[in-house]
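The values are calculated or read from the model by the stated rules, or taken from the named source; none is laboratory data. Note that the structure is a prediction, hence the values are computed from the model and not measured. Using ideal geometry, Cβ is built from the backbone for each residue, glycine included, and neighbour counts are taken over all protein chains shown.
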């Protein structure tokens with residue numbers, strides 16, 4: 001390629017590595033199901049496709065080490081999915097290690113570093129034992145068999161035309177593997193079209209000149225065939241999929257093209273050292289027997305975007321990949337649009353429909369469209385926490401074996417969606433919390449038996465939306481936090497004075513202090529004191545907080561409370577003295593003007609509000625924030641009842657409600673510094689800054705204020 005024809009591959013490499021991250025995560029999650037015996041034959045195919053896709057891209061960028069390892073991994077997966085090798089627990093463990101090593105090679109390619117020549121050699125050898133069948137013989141008890149659905153009574157014949165673009169091989173795709181995928185669906189006949197093949201002197205080894213026509217007899221539907229070509233259809237190749245003659249069907253497992261050949265793959269199998277061009281020629285030169293490898297019928301996968309028209313011109317994708325920075329800029333612009341819309345609304349407050357009908361109507365439509373735009377943009381950034389949770393089963397399994405404990409992981413709420421920026425900050429905290437539950441929380445088997453507990457401990461990982469926030473919970477049924485030991489360790493490390501009078505909640509919070517650990521010895525699991533402080537810091541960085549609920553002898557529960565989004569929210573503007581604050585609308589339960597009979601003061605509690613037989617703590621915001629000029633008589637003010645993430649309700653005393661509006665969230669941490677009781681700030685329509693209140697933090701501040709007042713009175 002001449003200098004003027006050269007182009008920068010960095011953008012394509014960045015896209016490739018993003019896809020690798022997604023594919024590795026999907027493979028790890030799928031293999032975890034296979035380890036538990038919950039997978040099926042389609043899961044084996046899914047892992048094969050992940051490895052094949054990574055290998056294809058690596059070939060295009062000449063990542064030779066990655067290609068070599070991926071080839072061994074891919075071949076091993078092919079042996080499993082074809083049924084030639086049984087899936088045993090030992091084999092499943094090899095696949096886990098194979099995924100780890102594949103990730104090592106991907107990261108090395110991304111960071112442009114060279115791994116040692118023997119890196120992954122042990123895993124490569126283990127993967128090769130799968131091909132020989134030695135790995136299956138290691139473990140006598142196989143993984144519970146994967147189930148195949150009952151076969152359909154009739155099979156359909158499909159005509160498939162594959163016309164590659166000239167640069168197909170440069171994308172890392174191999175036509176041979178595509179036909180191997182097709183043959184997994186049923187008897188296959190392939191004929192190569194050599195009409196475009198030039199003279200040898202004019203041939204470019206980088207280009208593809210062949211095309212193929214295939215006849216497939218299968219019980220599977222059109223979507224299964226389309227999935228085979230999902231990585232090449234479009235720019236890399238033209239794919240035409242059409243039913244054969246109308247009404248033509250054949251009996252399952254039979255072909256009118258002759259006997260089924262179980263060993264026909266020798267004609268298509270290149271050597272590991274062959275080039276893509278040689279592999280392509282291998283397909284072209286092969287005769288066309290009816291090929292049907294002996295493998296079970298697979299369950300139909302989720303159908304990709306359908307091919308338009310009955311003639312089938314090509315598979316169209318239904319999604320595109322967009323750089324996150326572009327989405328962030330879009331979110332920021334929507335935020336500025338919301339502020340501008342609020343400013344216009346405030347400037348035209350005195351306008352009536354009668355005097356300015358078109359202006360008022362236009363502003364109402366602007367408000368409606370702005371809200372729709374904001375919701376659409378937020379939906380783009382939202383992602384389910386499933387991808388994050390998928391790493392937990394393996395972490396629990398591996399760490400349990402290392403610690404000699406038995407643990408079962410229960411997950412819930414995996415489909416709960418949260419802003420991508422928030423998800424990125426959750427990886428380390430969840431890892432540390434799960435490790436903490438396994439190492440410090442769950443007891444060894446003999447200790448659990450002595451305490452009357454099941455030998456197997458339980459760790460629960462859950463997610464849910466509550467009160468306009470995302471709640472992530474990590475709990476266990478272990479020994480809980482030993483407060484006496486925590487207190488002694490804190491004194492020993494100089495974190496507190498021995499004579500300090502701390503509540504149970506304050507003692508529990510000591511585990512988040514930097515450098516704090518109750519481990520007697522330092523190990524690769526714990527003891528360095530760099531775990532729980534990371535949890536709190538990462539959560540605080542995104543405007544969240546951590547709550548500890550400790551039940552000594554029964555277990556501990558860690559609740560992470562995080563904002564659903566970091567951009568825009570619906571809020572209620574309230575006035576306290578000369579200040580204005582914003583309450584998240586999803587937190588508000590009701591508002592009322594208390595009567596003298598509804599307000600009272602309880603000993604050791606402070607001011608409370610009686611509401612339908614319940615006592616609710618009444619918090620005077622002017623006291624918490626030192627605001628002058630506010631209404632101090634509760635019967636003349638308004639009490640806004642809000643719900644915290646834990647389900648508790650408190651009453652906030654304010655002067656008046658100024659109205660509901662959409663506000664843009666601005667981080668205090670990055671623009672100012674953290675303020676207790678405040679989660680963020682916003683810019684109002686008149687350009688003033690208003691603080692967004694944090695109901696959970698206000699409850700804690702109110703309780704502390706009441707305790708201090710009680711101590712002062714004594």
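There is at least one residue in segment 631-640 that is within 24 Å of residue 465 (Cα to Cα) and either in a loop (DSSP other than H, G, I, E, B) or not assigned by the TED database to the domain that holds residue 471 (or both). Go through segment 441-476 and give me each residue that's touching a helix residue (DSSP H, G or I) at 6+ places or on another chain (Cβ under 9 Å) and surrounded by 23 or more Cβ atoms within 10 Å (Cβ to Cβ). Once the filter is applied, which keeps residues that are touching a helix residue (DSSP H, G or I) at 6+ places or on another chain (Cβ under 9 Å) and surrounded by 23 or more Cβ atoms within 10 Å (Cβ to Cβ), segment 441-476 yields 442, 457, 459, 461, 463, 469, 470, 472, 474, 476.
For segment 677-689, a tally of residues being surrounded by 12 or more Cβ atoms within 10 Å (Cβ to Cβ) and assigned to a loop (DSSP other than H, G, I, E, B) returns 3.
Figure legend. Inter-residue proximity from segment 160-175: first residues closer than 14 Å to residue 230 by Cα, second residues assigned to a loop (DSSP other than H, G, I, E, B), beta-carbon distance below 6 Å, spacing 6+ or different chains. Indicated pairs: 164/208; 168/208; 168/236; 171/236; 173/232. Considering 363, 359, 388, the condition of being in contact with a helix residue (DSSP H, G or I) (Cβ under 9 Å, 6 or more places away or on another chain) and either modelled with pLDDT of 85 or more or in the same structural domain as residue 663 (by the TED database) (or both) is satisfied by 363 alone. Annotation note: Cβ proximity below 7 Å between a residue of segment 435-449 that is assigned by the TED database to the domain that holds residue 475 and over 20 Å from residue 395 (Cβ atoms) and a residue that is at pLDDT 90 or above and not in a helix (DSSP H, G or I) (sequence gap 6+ or interchain) occurs for 448/454; 448/455; 448/457; 449/455. Among the residues of segment 209-229, those identified as in contact with a strand residue (DSSP E or B) (Cβ under 6 Å, 6 or more places away or on another chain) and either outside the structural domain of residue 197 (by the TED database) or not in a strand (DSSP E or B) (or both) are 210, 219, 225, 226, 229.
Just the residues that are over 21 Å from the mean Cα position of the chain (by Cα) and surrounded by fewer than 17 Cβ atoms within 10 Å (Cβ to Cβ), please, taken from segment 368-407. Across segment 368-407, the qualifying residues are 368, 369, 371, 372, 373, 401, 402, 404, 406.
The residue that is nearest to residue 114 (Cα to Cα), counting only those in segment 62-92 that are part of a loop (DSSP other than H, G, I, E, B) and without any contact (Cβ under 8 Å) to a residue 60 or more places away in the chain, is 63. Under the condition of being in contact with a helix residue (DSSP H, G or I) (Cβ under 9 Å, 6 or more places away or on another chain), outside any loop (DSSP other than H, G, I, E, B) and either closer than 16 Å to residue 678 by Cα or free of Cβ contacts under 8 Å to residues at least 60 places away in the same chain (or both), the residues counted in segment 612-630 number 6.
Of the residues making up segment 641-659, just one is over 28 Å from residue 549 (Cα atoms) and assigned to a loop (DSSP other than H, G, I, E, B), namely 655.
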